[in-house]
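The values are calculated or read from the model by the stated rules, or taken from the named source; none is laboratory data. What you see is a predicted model; the values in this text were computed from it and never measured. Neighbour counts run over all protein chains shown; Cβ positions are idealised from the backbone, glycine included.
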Amino acid sequence: MSVATAAPPGGSPDSTRRGLNTWDSPWLNVKFLLGLAMVAIILLMAGAGPLGLYDTTRARVASAPLNLPPVWTNIDNPFFGEPDPEYPLGTDSDGRDLMAVLLVGAPRSLHIGLIAAGAGMLIGVVLGFSAGFIGGWWDAFVRTISDSIITIPALAVLIVISAFVKNLDVVILALLLAAFAWPGPTRLLRAQVLSMRERGYVQMARLSGANTFSILFREMLPNMLPYLAASMTGNVSAAILAATGLEALGLGPTRIPTMGMTIYHAMYVSALFRGMWWWWGMPIVALVIVFTGLFLMTVGLDEIANPRLRGVREQ
Amino acid sequence: MTTATTINPADTAMVDRGPAEQDTILDIRNLQVFYSTPTGDVRAVDNVSFKVQRGEIIGLVGESGCGKTTTAMAILRLVQPPGRIAGGEINLDSVNLADLEGDDLRETRWTKLSLIPQGAMNSLNPVMRISSQIKDTIRTHEGKISNRELKERILQLLQLVGLPSRVYDMYPHELSGGMKQRACIAMAIALDPVLVIADEPTSALDVVVQRVVGETLLDVKERLGVSMIVIGHDMGLMAQLVDRLAVMYAGRIVEFAPVESIFNEQFHPYTQLLIESIPSIKEKKPLKLTEGLTHDLRTDMQGCIFQLRCPHVMDICREENPPMRALRNRHETACHLYDDDGVRLH
Amino acid sequence: MAPLLDIKKATKIYGGGMLSASPVTVALQDYDLTIEESPATITTIAGESGSGKSTLANLVLGFTDLTSGQIIYRGRNLAEMTAQERIDYRREVQAVFQDPYAVYNPFYRVKHVFDLIIRNFKMASSKAEARDMIEDSLNVVGMRGEEVLEKYPHQLSGGQRQRMMMARAYMLKPKLIVADEPVSMVDASLRAMILDIMLRLRDEEGMSFLYITHDLSTAYQIGDHIYLLYQGSVAESGETAAVIENPKHPYVQLLLDSIPVPDPSVKWGGDEATTIDDEEMRVSVDSGCRFYPRCTQRMDRCLEATPMPFQVGANNHNASCFLYDEEAKILA
Amino acid sequence: MSELTLGYFLRRLGMWLLTIWIGATLIFTIPRLAPGDPITAMVERMIQQAGYIENSADLIEAWRARFGLDGPWHVQYRNYLLSMVRVDLGYSLANFPARVTDIIGRSLPWTLGMVSIATILSFCAGNLIGALMAWRRVPAAIRNILPVSLTFTSIPFFMFGILLISFLAFKWKIFPAFGNYGRGVEPGWNLDFILSVLHHGLLPVLSIVVTSMGFWALGMRGMMVTTDGEDYMILANAKGLRSRRIFWFYGIRNSMLPQVTALALNLGAVAGGSLLVELIFGYPGLGYFLYQAIISADYTVIQGIVFMLIVGVATAVLILDLLYPVIDPRITYSKGQT
């Protein structure tokens, strides 16, 4: 009687090329990285002012000549001024430099989204984990409340809030958004915990003396990362969408330039009619970059979490 | 405890199989199925040839990864990418399935050969009633049929596999595992095919239910005279079900013989191993230890496929691939260990 | 001395809660089992799916709590253990599961399963000591090498994964290993290897096993005692060889008759009529013998009362069936 | 089984009530947490406009009583909930004799029509595109073109609306920039009117459909890929069914189930978004009147519109939930989780 010791020589092709494995990581997904880069660029724009690369104080009213078109244009309209290289993206009718507005406002819109989604995710982690793990009446309670809140039109309630609460600041707005951003992650995490709780490796960890905390965070959480990240990027998008929507109604924070508020100003003075497309066009371009970036990240993360979407059919 | 020894009709059928010898339903020649991987093709099925006669049940056994399911999928032309049929012929009723494409292939499916799938649990569409799933097949291949006639036919099928008529209106999740598997059998014979492939038809079932399903299969075969290929790893079940048994190892058939003959005398060392490792409820015996599949299916190995595990390996085994030879009456083996009369050489 | 494991009147009922729409299921009813500390034994719990054998495993491993009854480990009630006692219990009662892939966290290298026990049970004081321990236990199951530990679970074969689980269990030197269908997903060639490891751990290391399986033939080959469950109740129990060679309960007879004999000349035995609609058989009666609907030898009294275990042979060979009422005395 | 179905129905009905109650409570609480109160704000604005109003303090008190804003909170809350149950939403503050229900009655049909058509179109188109993207039997050429239709997914719908207006309405003047039907067209069942409604409704619907389609497409693609790997798909192929039948009755039919759940979960977001779209297109639905009410600080109308919106969405979700067992026969058997 002998016990075989040799591993099957053909069993694992990966072992022979372990060096390659670091570059084989599913996180090296083109869509995900491209989206990440786009979002990073917008975030980095916030550094332009403090680093002295651009005079962002010109985002204030009346700090620049009125109605200048972008430098590359050649518009034959006496109403507008001559394009000025000093103001590369032009200026609006209130004397703001749109380049400065963009550098200040675009990262801020992203910040709002990040804070809101981050706070929502945090609540989701706490509620989802506890519901999935504790179970019983607490689980039923969390599930019912989140299922219920998720169907309430958040934007409508936010409109009511901002109609009554004057002088919203960015953080308050973000936290209000977070109040509606938690049911999604909560549902997701709860479902994940419930399905993972019965998995063999979680049972193994329990048999190995691991406590609840370490099971949740060491055993389960790493396997949820792609789902969490996809949910996070989706939530950032949704929060920015709601924030800019409120701002575009003139209901957002009024003292700091944001992308939505710039659109509001433009609409308010009928820039659409007057052909000042750069006024509303620039914030839209910036937002499209943000949204496209986040969208690509979500799609990429989807593919990371669900390998079959990558188009390579395994087995 | 009583274990009645009854003469199975299948046994008597085997006796007068002489004249039916010519009546070949399926003739597979040098079938090759490869899976492409970044490090080269995996030869999942390599040069497999065998014939199935009308009205017989062929068993295909081997450990996981030996290519038995892939062979079945290839016959059904259901090999999924990155797999492909790399060569060979699959002649069913004198039509080479390997050449069929498009609607020709689609129309051949189920009318001539059908499948009893491995996981009956997940093989039925969860949102369609059992009757609708059978209707689906009949309507697709036979065109318009009146609802009454269709219903009558389906009820007959259900009865044939021993299911009560209320199953007609039920959804898959309302059935137990054994019932689902029998519903799959009813579906498989709906169009009176010449060949049914049963892929591990009982592997997930409890032993009593396993027996019910097994007996249903035998019963259906008796009544319809259909040929079957049964894939499995349970030698006990094979002994009960099949007429001839093919033992696969690493993508090749190493032994192929009438089931009595193979349980009586095994030539190939791998078959010997398989038979010896069957756990018994009749006698306690020491555990027979062995290794699993050891060689890399990516390489076209020189010599015998079993040389790395074989206890009797000889020099010639490392150089020459042993051909399939008939060592006894209809008992074929691919091994260098025997001369043409089945006498062991050393 | 208190027995190693003593299960008394264990009952587990699922479902039927306030907010639950699922019907009440009795997974295990009044189940008794005793495993002595020495000599080490392999106790088989066998039955079909739904017989309650997996529930029993989950109960013993502390994954779920009893509805009523007690599980007593070396004199301590599992439900009343202190935190420290529970940690000790975890160390001394281990498990090997059916699916050797799912027990590995796909996020980590396979080494993680050893790291976990070394960290949580403070088994080694240095890295070198830990490495030696791992090396040692891998050798016991016939595996070698640092290299294999650095792999991810999907890079190992099924046999390697299951053997490594055996090594993990061995490393903890537990008193009892719950082996929940450890061979039902591996090939015939590996099956023997796993069973052999179990025998060696029993004989050489004095570890007892609770072998949970649906496969009576492997139980026959390696088991010492056997309990055959039917829908949460014990149908028959006793020494494995005695029960399998001479079954008394009609259910056990049916089970054994249904095992296909690896001999083409011996076809399925018994009466084909016993193979009634398998799904009807699942419906158990509310009172009386649960096997009643399927039983070929049923009597009226089987509906009236639940049969007690009757002694039907030597060495505690019991069958819960009224057929043996006259000829055997009722156990206390 | 019927008991299970009844249980399912009651659970869903409970969810419906709970959602409406939570929503109503939010609307009740929020304005009261804010500094200042609407009546004072109203009167102050009237003072600004009229220059001076006699006994403004008395006026404020009288109005408070009339609008149920006097007395302790719990009494207010009780009265408020009772009036909501009676669907008595009170009078408009800004246009006093007008009842809130009348304003909602006038605008709701337009919102309902526009949003439901847009949602159904986007749901169907998105799911079809997603399914085709995941279906291997679709020619590669088509499968590679399909993602192009998702280009606008990442643009917020109201911005897409602005783009549509600026080009199709202002620049090329193909479509009207605002309104629900042309001036001088007699409302009724006549062709002119219907065409005018379609002409006016197309851009708002388009801006919702084009930007939200991608969400469904992506979800469907994922589900379809998963479904395609199921055993029953292999068997369907082995049965020799026509590709089209497998696609619809085996693939889409099963992949749809989670998508319908997702639809129910997202209806709130869809409805919220449509408010903005109405605003941008000057479409006289709930969103448009909500905005007017916000500008004129018309407290009761704001409250009423948002309440109706919450009821509307909750009801739509309830209908979807009750339809769900029809499309998924397994649902009443499981433990009632979606």
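Descriptive notes on the structure:
- Only a single criterion out of (1) within 11 Å of chain A (Cβ to nearest Cβ); (2) free of Cβ contacts under 8 Å to residues at least 12 places away in the same chain; (3) farther than 30 Å from C:S258 by Cβ; (4) out of contact with any Ser or Thr (no Cβ under 7 Å at 6 or more places or on another chain) is not satisfied by C:I87, namely (2).
- Yes/no for D:S212 being of a type in the set (S, T, Y) and under 30 Å from B:G119 (Cβ atoms): no
- A:A286 over 21 Å from D:F215 (Cβ atoms), within 14 Å of chain C (Cβ to nearest Cβ), of a type in the set (G, A, S) and crowded, with 19+ Cβ neighbours inside 10 Å: no
- Residues of region B:184-205 that turn out to be farther than 10 Å from B:S114 by Cβ and either in a helix (DSSP H, G or I) or touching an Asp or Glu at 6+ places or on another chain (Cβ under 6 Å) (or both), as a count: 1
- Failed condition for A:I240, given (1) modelled with pLDDT of 85 or more; (2) surrounded by fewer than 21 Cβ atoms within 10 Å (Cβ to Cβ): (2)
- If you go through region C:114-132 and keep only what is more than 20 Å from A:Q203 (Cα to Cα) and either in a helix (DSSP H, G or I) or at the interface with another protein chain (Cβ under 8 Å from one of its Cβ atoms) (or both), you end up with C:K127, C:A128, C:E129, C:A130, C:R131, C:D132.
- Comparison of C:E147, C:E135 shows that the only residue that is of a type in the set (D, E), more than 15 Å from the chain's Cα centre (by Cα), within 11 Å of chain A (Cβ to nearest Cβ) and under 29 Å from A:S214 (Cα atoms) is C:E147.
- Condition check for D:G272: at the interface with chain A (Cβ under 9 Å from one of its Cβ atoms) and not β-branched (V, I, T): yes
- Residue tally, condition surrounded by 22 or more Cβ atoms within 10 Å (Cβ to Cβ), facing chain A (nearest Cβ under 9 Å) and hydrophobic (A, V, I, L, M, F, W, C), over region D:289-312: 7
- Residue check for D:L10: exposed (fewer than 14 other Cβ atoms within 10 Å of the Cβ) and either more than 10 Å from every other protein chain (Cβ to nearest Cβ) or at pLDDT below 65 (or both): yes
- Restricting region A:104-156 to residues that are within 14 Å of chain D (Cβ to nearest Cβ) and hydroxyl-bearing (S, T, Y) leaves a set whose member that is nearest to D:L18 (Cα to Cα) is A:S148.
- Flag for C:S184 being closer than 25 Å to C:A27 by Cα, modelled with pLDDT under 90 and in contact with an Asp or Glu (Cβ under 9 Å, 6 or more places away or on another chain): yes
- Filtered by the rule that a residue be surrounded by fewer than 16 Cβ atoms within 10 Å (Cβ to Cβ) and more than 11 Å from chain A (Cβ to nearest Cβ), region D:141-164 gives D:A141, D:I142, D:N144, D:I145, D:V148.
- Failed criterion for C:S54 (all others in (1) touching a residue at least 12 places away in the same chain (Cβ under 8 Å); (2) under 21 Å from A:E198 (Cβ atoms); (3) at the interface with chain A (Cβ under 8 Å from one of its Cβ atoms) hold): (3)
- Index of the failed condition, A:T262 passing every other in (1) assigned to a helix (DSSP H, G or I); (2) surrounded by fewer than 22 Cβ atoms within 10 Å (Cβ to Cβ): (2)
- Checked against the criterion of being farther than 30 Å from B:H312 by Cα, at pLDDT 90 or above and among the charged types (D, E, K, R), the candidates B:D199, B:D206, B:D243 yield just one match: B:D199.
- Per this entry, A:G252 is not counted among residues that are in contact with a helix residue (DSSP H, G or I) (Cβ under 8 Å, 6 or more places away or on another chain), part of a helix (DSSP H, G or I) and among the small types (G, A, S).
- Test: residue in region A:191-213 that is more than 10 Å from every other protein chain (Cβ to nearest Cβ), over 15 Å from A:G113 (Cβ atoms), in a helix (DSSP H, G or I) and within 16 Å of the chain's Cα centre (by Cα): no
So that you can scan it fast, the table gives a plain yes or no per residue for (1) outside any helix (DSSP H, G or I); (2) closer than 21 Å to D:E278 by Cα; (3) modelled with pLDDT of 90 or more; (4) within 14 Å of another protein chain (Cβ to nearest Cβ):
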{"site": "D:S166", "(1), (2), (3), (4)": "no, yes, no, yes"}
{"site": "D:K173", "(1), (2), (3), (4)": "yes, yes, no, yes"}
{"site": "D:G179", "(1), (2), (3), (4)": "yes, yes, no, no"}
{"site": "D:V205", "(1), (2), (3), (4)": "no, yes, yes, no"}
{"site": "D:M224", "(1), (2), (3), (4)": "no, no, yes, yes"}
{"site": "D:T227", "(1), (2), (3), (4)": "no, no, yes, yes"}
{"site": "D:L235", "(1), (2), (3), (4)": "no, no, yes, yes"}
{"site": "D:W248", "(1), (2), (3), (4)": "no, no, yes, yes"}
{"site": "D:G251", "(1), (2), (3), (4)": "no, no, yes, yes"}
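- Taken together, C:S126, C:S49 contain a single residue that is within 21 Å of the chain's Cα centre (by Cα) and of a type outside the set (A, V, I, L, M), which is C:S49.
- Taken over region D:233-261, the criterion of being under 21 Å from D:I331 (Cβ atoms) and in contact with an Asp or Glu (Cβ under 8 Å, 6 or more places away or on another chain) is satisfied by D:F249, D:G251, D:N254, D:L257.
- Just one of the listed residues (C:D30, C:D6) is more than 14 Å from chain B (Cβ to nearest Cβ) and modelled with pLDDT under 90, namely C:D30.
- Test: residue in region B:62-84 that is assigned to a strand (DSSP E or B), away from chain C (no Cβ under 14 Å) and among the hydrophobic types (A, V, I, L, M, F, W, C): no
- Residue match in region D:260-270 (condition: buried (at least 18 other Cβ atoms within 10 Å of the Cβ), among the β-branched types (V, I, T), touching a residue at least 60 places away in the same chain (Cβ under 8 Å) and touching a Pro at 6+ places or on another chain (Cβ under 6 Å)): no
- Across region C:147-170, the number of residues qualifying as of a type outside the set (D, E, K, R) and touching a Leu at 6+ places or on another chain (Cβ under 9 Å) comes to 11.
- The helices (runs of 4 or more DSSP H) falling completely within region B:89-169 that include 2 or more residues that are within 11 Å of chain D (Cβ to nearest Cβ) and surrounded by 13 or more Cβ atoms within 10 Å (Cβ to Cβ) map to B:102-108, B:120-123, B:130-142.
- Tally, over region A:157-183, of residues that are in contact (Cβ under 8 Å) with a residue 60 or more places away in the chain, more than 8 Å from every other protein chain (Cβ to nearest Cβ) and small (G, A, S): 4
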